[in-house]
Amino acid sequence: MIPAFLKAYTSMGGNSLSVFPALSRMLPNWTIRYSGLGRLPWFNEHFKSVNINHSYKSVFAVGSYNSYSTFQEYMNGLGFVSDATTGNPSPSSMFNISQVSINESFSPLLGVDVTLNNNMTIKAEYRKTRVLSLSMTSVQVNESSSNDWVIGAGYTINNFRLFGGGGSNKHRRVKSKNANNSSSNRSRSTGGVNNDLRLRLDLSLRKQASISRDIATMTSSANSGNTAFKLAFSADYTVSRLLTMSFYYDRQTNTPLLSSSSYPTTTQDFGLSMKFSLTR
């Protein structure tokens, strides 16, 4: 059954009847990153960097298994084992495997991240995942797939005076020499630490569905499905060399595809944390 499972869902099976696919038939994992668009004139004028990302990862996992002590090989790793009840020979492989699974993910299938001239970063990704599992005890195939769309942006405000101390804005028009002196004085007063405010906003939409296929009865049924929208915002502020403040706000809305056993939910989390370090 396992060679048929590999033949149906992947290219690892081929014409082999082995439960362990050959290394030559496995696809390698890869990661591709292209940054050549930043060299074009229009992109070079409006962006500091432009990167296009693509990644693929696949894992074939075999659950716990043991070998049959009464196995007698016939051909190509297949043979017969003695039935525990009748003692008659029964077709089987050498190993008693309870479950196998395949986990494939494009993370991302296509992703773009750019850095603007003002150091603002923007990213957009489309991710795709598929998880397949074959259970030999229940004789079922469970298939789960998900699609994710992610958009995020980040920006850093340098020398942001959250608690004042920066002086009045009407005294900004000074000579360059005096401006340099005042800047160096402020740097010495803060211990050489920049009071940077780092802002981050991420939006994601995830659509997930799961289906179960019963091989014995040749029927299929939907197990679960969900559409999740998540908003995440965070702000980190460096108060001093020893103190860092962080604020976060998360909101997630889940809408089930099967409403018989679940209902739409919305969760919100927010908080403020302060990190004090004695090692700096």
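The values are calculated or read from the model by the stated rules, or taken from the named source; none is laboratory data. Here the structure is a predicted model, which is why all the values come from computation and not from measurement. No Cβ is skipped: glycine too gets one built from the backbone with ideal geometry, and neighbour counts run over all protein chains shown.
Beta carbons closer than 6 Å, at least 6 apart along the sequence or on distinct chains, pair a first residue in the range 214-235 that is over 29 Å from Leu201 (Cα atoms) with a second that is assigned to a loop (DSSP other than H, G, I, E, B) and among the β-branched types (Val, Ile, Thr) for Ile215/Val139; Ala216/Val139.
Scanning the range 63-96 for residues that are touching a residue at least 24 places away in the same chain (Cβ under 8 Å), in contact with a Ser or Thr (Cβ under 8 Å, 6 or more places away or on another chain) and closer than 28 Å to Ser11 by Cβ yields Gly63, Ser64, Tyr65, Asn76, Gly77, Leu78, Met94, Phe95, Asn96. Per the listing Ser187, Ser168, Ser182, Ser176, the residue uniquely at pLDDT below 85, over 42 Å from the mean Cα position of the chain (by Cα) and surrounded by 12 or more Cβ atoms within 10 Å (Cβ to Cβ) is Ser182. Do you know which residues across the range 246-266 are under 19 Å from Ser224 (Cβ atoms), within 24 Å of the chain's Cα centre (by Cα) and polar (S, T, N, Q)? Those that are under 19 Å from Ser224 (Cβ atoms), within 24 Å of the chain's Cα centre (by Cα) and polar (S, T, N, Q): Gln252, Thr253, Asn254, Thr255, Thr265, Thr266.
Please verify whether Glu125 is touching an Asp or Glu at 6+ places or on another chain (Cβ under 8 Å), among the acidic types (Asp, Glu) and touching a residue at least 12 places away in the same chain (Cβ under 8 Å), treating the condition exactly as stated.
The answer is yes for Glu125.
Restricted to the range 5-48, and to residues there that are at pLDDT below 80 and aliphatic (A, V, I, L, M), the residue that is surrounded by the most Cβ atoms within 10 Å (Cβ to Cβ) is Met12. So is Thr86 exposed (fewer than 15 other Cβ atoms within 10 Å of the Cβ) and farther than 29 Å from Thr227 by Cα or not? The answer is yes for Thr86.
Taking (1) buried (at least 16 other Cβ atoms within 10 Å of the Cβ); (2) among the charged types (D, E, K, R); (3) not in a strand (DSSP E or B) in turn, Lys123 satisfies each apart from (3). A Cβ distance below 9 Å, combined with a sequence gap of six or more or placement on separate chains, defines the contacts here; from the range 28-49, residues that are without any contact (Cβ under 8 Å) to a residue 40 or more places away in the chain reach residues that are among the charged types (D, E, K, R) in the pairs Asn29/Lys57; Trp30/Lys57; Thr31/Lys57; Gly38/Lys48. When the strands (runs of 3 or more DSSP E) confined to the range 205-280 are screened for residues that are surrounded by 15 or more Cβ atoms within 10 Å (Cβ to Cβ) and of a type in the set (Val, Ile, Thr), those reaching at least 1 such residues are found at 219-238, 243-256.
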